[in-house]
Amino acid sequence: MTGRLPAVDSPAWVGAGAVVAGSATYGLLVVVARALGPSAYAEFSLFWAAIVIVSLGTFLPVEQVLARWTARRDGPSGAREPLGAGLRVGGLLVVPGVVAHAMVWLGQGEQHARSLLVTVVVAFAVACAGFALQFPARGVLAGLHSLRDYAVVISVDAVLRAVVAGALWVVGVRSVGPYVATVAGSSLVCGVVGLVLVRRRRRSLGHETVTRTPAATEPSEPSVGREVGTLVVATLGMQLLLNSGTVVAGIASTGAEAVLAGHVLAVITLARLPVFVAQSAQASYVARIASYAHRGQRAELRRLLTVLAGAVLVVGSVSVLVAGVWGPPLVSLVFGPGYTVSWTMTLLLASGVAVYLVASVSNDVAVALGAQRRLGVAWVVGAAGAALVAVVVPDLVLRSALPLVVGSVVAGALILPDVVARVRGVRSAW
């Protein structure tokens, strides 16, 4: 009996890509943490938090919108138009992201060396240029159900930076700058790889001979921009909420609690693994949900949503269980004996991530169903609740963990009713 590779549109590719990307990302963070130590790792974590917030907060919406536009076509003949509009919109997002990041770091100029400030600002600009290429390409690949190529894109970025960071560690690099530059370079390379794979996929599908769906409208730059703009408000709120603990601990890294802040960041790094896996895997279900809803395939839609809900609950429960049983020793094992944490810290942070996971996947489903207009309000309200908790609570551990719990509960409570109503409103095509 000979084994066969899954079809190019099999979700198994995204699953494999998510495992590779997630493992490589955690490999990167563990290597950097061991190379730099708790205090310097907190500096890198501030840059990494900005990368995550901007990539997933401003550029991921471009991917989601293009995936939905492309999925509404019967063939790849319309892929060129969404990609072009997405690249232009992505380019427009680079400047405000770079400016905002530079202002944050320059505002802390007295706390960091000038050479580090220059490095992180330039590296962030290069990374954003890569995101402007990478995420539109990922969106088109997901919409074309070219999940094998999608998995390649997300894997290249994560594996490349992990390998280079590992090499830096081996040769004894102990400064933040080279690791920051590594993240930026891998992002740019990944963007180029994504565009090459889109072009190859178009050719393999013979886009010149496929007839476009008559019902599908052409996505212009303004229409894509409007949808992206609506989602950016929501996704920025999401990422600010998810990274609230990193920001709180990162700010504390310059004071007397620098070592404790590094410990908190180590726990956050491990606890967020389920979220990274879900974000990588969303390509396997967002486009399919959009297709089922557009075609009125109610049974298939509900079946997929049931499986998705079950997977989220299982992953969230397992992550909390692991944190409760093996949390502190696992952190010390992965990051080294210099990282000593409490059971309370691991349980609180893992619980926050589990609750966030439910709200985050609900957000993805809402986007796929075209119910994104109220998402911005939900996440802004959730982020506001989290900010209030961060201001009121004095203890660093609680201040790093509770905002995510409170904000996620608030946002999820506002999103889920709209998702349920939209699913019930899908009309059968038969």
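Pairs only if they're at least six apart or on different chains, beta carbon under 6 angstrom, first in region 337-356 and more than 14 Å from residue 318 (Cβ to Cβ), second polar (S, T, N, Q); list them, first residue then second.
Partner pairs satisfying both residue conditions: 339/332; 355/408; 356/408.
Exactly one of (1) within 23 Å of residue 116 (Cα to Cα); (2) touching a Leu at 6+ places or on another chain (Cβ under 7 Å) is unmet by residue 198. Its number?
So the condition that residue 198 fails would be (1).
What do you reckon, is residue 389 touching a residue at least 40 places away in the same chain (Cβ under 8 Å) and either buried (at least 23 other Cβ atoms within 10 Å of the Cβ) or touching a helix residue (DSSP H, G or I) at 6+ places or on another chain (Cβ under 6 Å) (or both)?
no
Taking the residues in region 398-414 that are at pLDDT below 90 and of a type outside the set (Gly, Ala, Ser) as candidates, determine which candidate is farthest from residue 345 (Cα to Cα).
399
Could we say that residue 343 is surrounded by fewer than 17 Cβ atoms within 10 Å (Cβ to Cβ) and in contact with a Pro (Cβ under 8 Å, 6 or more places away or on another chain) here?
When the stated conditions are applied, residue 343 passes them.
Listed residues 402, 398; which is farther than 23 Å from residue 289 by Cα, aliphatic (A, V, I, L, M) and under 22 Å from the mean Cα position of the chain (by Cα)?
Testing whether each residue is farther than 23 Å from residue 289 by Cα, aliphatic (A, V, I, L, M) and under 22 Å from the mean Cα position of the chain (by Cα) leaves just 402.
Of the conditions (1) more than 22 Å from residue 418 (Cα to Cα); (2) modelled with pLDDT under 80; (3) buried (at least 23 other Cβ atoms within 10 Å of the Cβ), residue 267 clears all except one; give me its number.
Among (1) more than 22 Å from residue 418 (Cα to Cα); (2) modelled with pLDDT under 80; (3) buried (at least 23 other Cβ atoms within 10 Å of the Cβ), residue 267 violates only (2).
Of the residues 83, 66, which is closer than 17 Å to residue 202 by Cα, under 18 Å from the mean Cα position of the chain (by Cα) and either at pLDDT 75 or above or among the aromatic types (Phe, Trp, Tyr) (or both)?
None of the others qualify; the one that does is 66.
Would you please name the residue that is surrounded by the fewest Cβ atoms within 10 Å (Cβ to Cβ), looking only at residues in region 323-336 that are within 22 Å of residue 41 (Cβ to Cβ) and β-branched (Val, Ile, Thr)?
334
Would you list the helices (runs of 4 or more DSSP H) that sit entirely within region 322-430 and hold 1 or more residues that are touching a Gly at 6+ places or on another chain (Cβ under 8 Å), of a type in the set (Phe, Trp, Tyr) and at negative phi?
343-368, 375-392
For region 270-284, which residues satisfy the criterion of being surrounded by 24 or more Cβ atoms within 10 Å (Cβ to Cβ), modelled with pLDDT of 75 or more and assigned to a helix (DSSP H, G or I)?
271
Of the conditions (1) in contact with a His (Cβ under 6 Å, 6 or more places away or on another chain); (2) free of Cβ contacts under 8 Å to residues at least 40 places away in the same chain, residue 124 satisfies every one except a single condition; which number is it?
For residue 124, the exception is condition (2).
Quickly run through region 23-43 and pick out the residues that are among the charged types (D, E, K, R) and farther than 17 Å from residue 332 by Cβ.
Listed by number, the list holds a single entry, 43.
Given the options 320, 397, name the one that is in contact (Cβ under 8 Å) with a residue 40 or more places away in the chain and buried (at least 17 other Cβ atoms within 10 Å of the Cβ).
Matching residue, one of 320, 397: 397.
Tally time: how many residues in region 10-56 are at pLDDT below 85, charged (D, E, K, R) and surrounded by fewer than 17 Cβ atoms within 10 Å (Cβ to Cβ)?
0
Could you check how many residues of region 400-413 are touching a residue at least 60 places away in the same chain (Cβ under 8 Å) and closer than 15 Å to residue 247 by Cβ?
Residues that pass the stated criteria total 5.
Just to be sure I understand the filter: pairs with C-beta atoms under 7 Å, separated by 6 or more residues or on different chains, first member in region 160-189 and closer than 17 Å to residue 124 by Cα, second member of a type in the set (Lys, Arg) and not in a loop (DSSP other than H, G, I, E, B). Which pairs pass?
182/161; 183/161; 186/161
Per-residue answers, yes or no, for (1) of a type outside the set (Lys, Arg); (2) under 25 Å from residue 145 (Cα atoms); (3) at pLDDT below 80:
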{"residue": "189", "(1), (2), (3)": "yes, yes, no"}
{"residue": "198", "(1), (2), (3)": "yes, yes, no"}
{"residue": "209", "(1), (2), (3)": "yes, yes, yes"}
{"residue": "212", "(1), (2), (3)": "no, yes, yes"}
{"residue": "229", "(1), (2), (3)": "yes, yes, no"}
{"residue": "232", "(1), (2), (3)": "yes, yes, no"}
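The values are calculated or read from the model by the stated rules, or taken from the named source; none is laboratory data. The shown structure was predicted, so the numbers you read here are calculated from the model rather than taken from an experiment. A quick note on method: Cβ atoms are made from the backbone with ideal geometry, for glycine too, and the neighbour counts reach across all protein chains shown.
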